[in-house]
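Below: one structure, written as structure tokens.
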Number of protein chains: 2
Amino acid sequence: MTPERVFQALGDATRRDMMERLTDTALSVSALAAPYDMTLTAVGQHLAILEAAGLIKTEKIGRVRSCAINPAGLEVLEQWTRARRPLWQRRLDNLGDMLDET
Amino acid sequence: MTPERVFQALGDATRRDMMERLTDTALSVSALAAPYDMTLTAVGQHLAILEAAGLIKTEKIGRVRSCAINPAGLEVLEQWTRARRPLWQRRLDNLGDMLDET
DNA sequence: TCAATAATCAAGTTTTAACTTCACTATTAA
DNA sequence: TTAATAGTGAAGTTAAAACTTGATTATTGA
């Protein structure tokens, strides 16, 4: 649940797509895997990364593992952004400071 | 300036640190490179990635390239988050839907 | 004018991430 | 009670990212 993990997790197109597909329903590992041209094992590895980043939570019931969005990961992202936006925005406001102490 | 590039750029600790150091002042490539145990070339490569992601803007004056925050990249991040937060948050609100059509 | 400074380029190497194979366990349905 | 389903684990391969080396260019200060 560190920004490092969240950014890295979302830096991959497959994992971002998985997140989109979980937006309105929980899905099993197999269901998640279906559209991708890769092995179940690979999908499982992607899911482990998403879970470690706090972007999904999973629960195994019987032989099926159900995967669902975990808002905690998104929260980390928002915190990170919120902390920097005011400081970074002001750079745009008062221009002409490109040549400070370089 | 695509989310792909922004996430990938911020997934690296060195690059995130560079962004922090640019928060309150523009810096030259050499100044940025100073604290890191890596070659100037490597630093230049990191900067190219940050610039392609829209996280910094650079300008070369004489032989010095000045690097500064570009809020555009952060903006992309916020847009991405803002679009998903309402949809992802509601999952937490009405629990017990882990076992939908799996 | 010429030596030091600032940065860049092309072409490598190293390290990490993504993915595969194959064997295996547990669960469920016939 | 066994065959199919759902997923996992260990170990390897492939592909991509991070980094280096050894030039080279352009600028500037002495």
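The values are calculated or read from the model by the stated rules, or taken from the named source; none is laboratory data. Since this is a predicted model, take the numbers as computed values, not measurements. Note that we place each Cβ from the backbone using ideal geometry, even for glycine, and neighbour counts take in every protein chain shown. Surface areas here come from the heavy atoms of the whole protein model, side chains and all, with no ligands, DNA or RNA. Shrake-Rupley method; radii C 1.70, N 1.55, O 1.52, S 1.80 Å.
Within 10 Å of each Cβ in peptide B:56-63, how many partner chain Cβ atoms are there on average? Round it to a whole number, please.
The mean count of partner-chain Cβ atoms within 10 Å per residue comes to 1.
Give the nm distances, rounded to one decimal, from A:R63 to the matching residue in every other copy, measuring between label points 7 Å along Cα toward the beta carbon; shortest first.
Those label-point separations list as 7.0 nm.
Could you pull the copy-to-copy label distances for A:D24, with points set 7 Å along Cα to Cβ, in nm to one decimal and sorted shortest first?
For A:D24, the inter-copy label distances come out at 4.8 nm.
Specify the inter-centroid distance of the stretch B:38-83 and the stretch A:1-80, based on alpha-carbon positions, in whole Å.
If we compute the Cα centre of each part, the gap is 28 Å.
What is the percent carbon and sulfur in the accessible area of the stretch B:3-91, measuring with a 1.4 Å probe over the protein chains and ignoring ligands?
Answer for the stretch B:3-91 is 51 percent, counting heavy atoms of protein chains only.
Output ³J(HN,Hα) for the stretch B:23-30: one whole-Hz value per residue in order, computed from phi by the Karplus curve 6.51 cos²θ - 1.76 cosθ + 1.60 with θ = phi - 60°, and x for Gly and Pro.
So the J values, rounded to whole Hz, are 4, 10, 6, 6, 9, 6, 4, 5.
Once the label point is placed 7 Å from Cα along Cβ, list for B:T39 the distances to the corresponding points in the other copies, in nm, shortest first.
3.6
Suppose we keep just the alpha-carbon trace of the protein assembly as shown; what are its Rg and Dmax in angstrom?
That works out to 19.6, 67 Å for Rg and Dmax.
Search the structure for amide H atoms under 5 Å from the amide H of B:N70, placed 1.01 Å from N in the peptide plane, and list their residues when 5 or more places away or on another chain.
Amide H to amide H, under 5 Å and 5 or more residues apart or across chains, B:N70 pairs with B:I56, B:K57.
Can you pull the mean other chain C-beta count within 10 Å for peptide A:67-76?
Per-residue shielding by partner chains comes out at 4.
Mind grabbing the accessible area of B:S30 for me, 1.4 Å probe, Å², rounded to tens?
About 70 Å², rounded to the nearest 10.
Which whole-number value in Å² is the accessible area per residue of the stretch B:3-91, probe 1.4 Å?
Counting only protein heavy atoms, the per-residue value for the stretch B:3-91 is 45 Å².
In Å² (nearest 100), what accessible area is buried between A and B, both sides summed, heavy protein atoms only, 1.4 Å probe?
4200
Anything losing 50 Å² or more of accessible area from the isolated chain to the full protein assembly: pick those residues out of the stretch A:1-17, probe 1.4 Å, ligands and DNA/RNA ignored.
A:E4, A:F7, A:G11, A:R16
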